[in-house]
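Student: Here's a structure for you.
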Amino acid sequence: KAGVTQTPRYLIKTRGQQVTLSCSPISGHRSVSWYQQTPGQGLQFLFEYFSETQRNKGNFPGRFSGRQFSNSRSEMNVSTLELGDSALYLCASSSDPSGNTGELFFGEGSRLTVL
Amino acid sequence: AQSVTQPDIHITVSEGASLELRCNYSYGATPYLFWYVQSPGQGLQLLLKYFSGDTLVQGIKGFEAEFKRSQSSFNLRKPSVHWSDAAEYFCAALTGGGNKLTFGTGTQLKVEL
């Protein structure tokens, strides 16, 4: 069974631009979560989607948004990029439809560098 | 606020030695607790989880963890460390609806041969 796939793996943007990251969950998994990982702030929860609906949201500004498609694939978008948005963005999927398991399968991440 | 604390940023052990990584949580109810591991350039992998019941839980790769409510701790242990265990280890708690996890800051494990 294929794991969680994130694209692109690496990307470089400049301040003010916007970026879209993609995540394909494990087949059959309907929950997709996004996390930001930085050396200073560690791992921080961005949002979770289940069946195309945002189920939970972290404390990030509105520049960070996401969506989920009917095939469970998810995208996150960051608009008006700032230097501080440079991070590893991790996507994770879960098989439990009711949530509340915390058993997440992570992708390898998309490393964003903002210049 | 709910939080997870990992007091040790870096730990170095010799191969074959025992290992204990510390984790403390601040949570009102019985928490759901986890340990994840991240190898360089990789995503995170679940090692083990605690929901309820037996306070000593077994995980993959020979790891175990013990939940101690009186100490608000969930320490990870391994009797004999292998060089391939070198990685960053994260303790986490389920802190919201769905699958929202709050992670500790991580402990970087170095294994000396």
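The values are calculated or read from the model by the stated rules, or taken from the named source; none is laboratory data. None of these values were measured; they are calculated from a predicted model. Here the Cβ positions follow ideal geometry from the backbone for every residue, glycine too, while neighbour counts run over all protein chains shown. Surface areas here come from the heavy atoms of the whole protein model, side chains and all, with no ligands, DNA or RNA. Shrake-Rupley method; radii C 1.70, N 1.55, O 1.52, S 1.80 Å.
Student: Classify region A:8-47 as rounded, prolate or oblate, taking a ≥ b ≥ c as the square roots of the eigenvalues of its Cα gyration tensor: rounded when a/c is under 1.5, otherwise prolate if a/b is larger than b/c and oblate if not.
Tutor: Cα axes put region A:8-47 in the oblate bin.
Student: Charges at C-beta only: +1 for Lys and Arg, -1 for Asp and Glu. How large is the resulting dipole of chain B about its Cα centre, in Debye rounded to 20?
Tutor: 300 debye
Student: Normalized C-alpha radius of gyration of the protein assembly as shown, against 2.2 N^0.38 Å?
Tutor: Here the Cα radius of gyration is 1.01 times the empirical estimate.
Student: Any idea what the dipole of chain A comes to, in debye rounded to 20, about its Cα centre with Lys/Arg Cβ at +1 and Asp/Glu Cβ at -1?
Tutor: 220 debye
Student: Right, another one. Quick one: accessible surface of residue B:10, probe radius 1.4 Å, all protein chains present, in square angstrom to the nearest 10.
Tutor: Accessible area, nearest 10 Å²: 140 Å².
Student: State in Å² the accessible area per residue of region B:1-111; use a 1.4 Å probe, count heavy atoms of protein chains only, and round to the nearest integer.
Tutor: Counting only protein heavy atoms, the per-residue value for region B:1-111 is 45 Å².
Student: Return the tail of the calculated pair distribution for region B:1-86, meaning the percent of Cα-Cα pairs more than 20 Å apart.
Tutor: Value for region B:1-86 (Cα pairs over 20 Å): 34 percent.
Student: Could you tell me which chymotrypsin sites (Phe, Trp or Tyr not before Pro) in region A:1-37 are loop residues by DSSP with no more than 14 other beta carbons within 10 angstrom of their beta carbon?
Tutor: Listed in order of number, the matching sites amount to none.
Student: How large are Rg and Dmax for region B:39-113 when only the alpha carbon atoms are used, in Å?
Tutor: Over region B:39-113's Cα set, Rg and Dmax evaluate to 13.3, 43 Å.
Student: Would you mind computing the Rg to Rh ratio of region A:12-115 from its alpha-carbon coordinates, Kirkwood style for Rh?
Tutor: So for region A:12-115, dividing Rg by the Kirkwood Rh gives 0.96.
Student: Heads up, I need the accessible area for residue A:4: 1.4 angstrom probe, whole protein in place, Å², nearest 10.
Tutor: In the full protein context, residue A:4 sits at about 20 Å².
Student: Another question, if that's okay. Mind listing, in residue-number order, the residues in region B:92-106 that have at least 20 Å² less accessible area with every protein chain present than in their own chain alone (1.4 Å probe)?
Tutor: Relative to the lone chain, where solvent access is computed with a 1.4 Å probe, region B:92-106 loses at least 20 Å² at B:94, B:97, B:98, B:99, B:100, B:101, B:103.
Student: Between B:97, B:80, B:6, whose Cα lies farthest towards the positive end of the dipole of chain B when Lys and Arg beta carbons carry +1 and Asp and Glu beta carbons carry -1, centred on the Cα centre?
Tutor: It is B:97.
Student: What total accessible surface area, summed over both chains, is buried at the interface between chains B and A, computed with a 1.4 Å probe and given in Å² to the nearest 100?
Tutor: 1700 Å²
Student: Using amide H atoms built 1.01 Å from N in the peptide plane, name the residues 5+ places from residue A:5, or on other chains, whose amide H lies under 5 Å from its own.
Tutor: For residue A:5, whose amide H was placed from the backbone, the distant partners under 5 Å are A:24.
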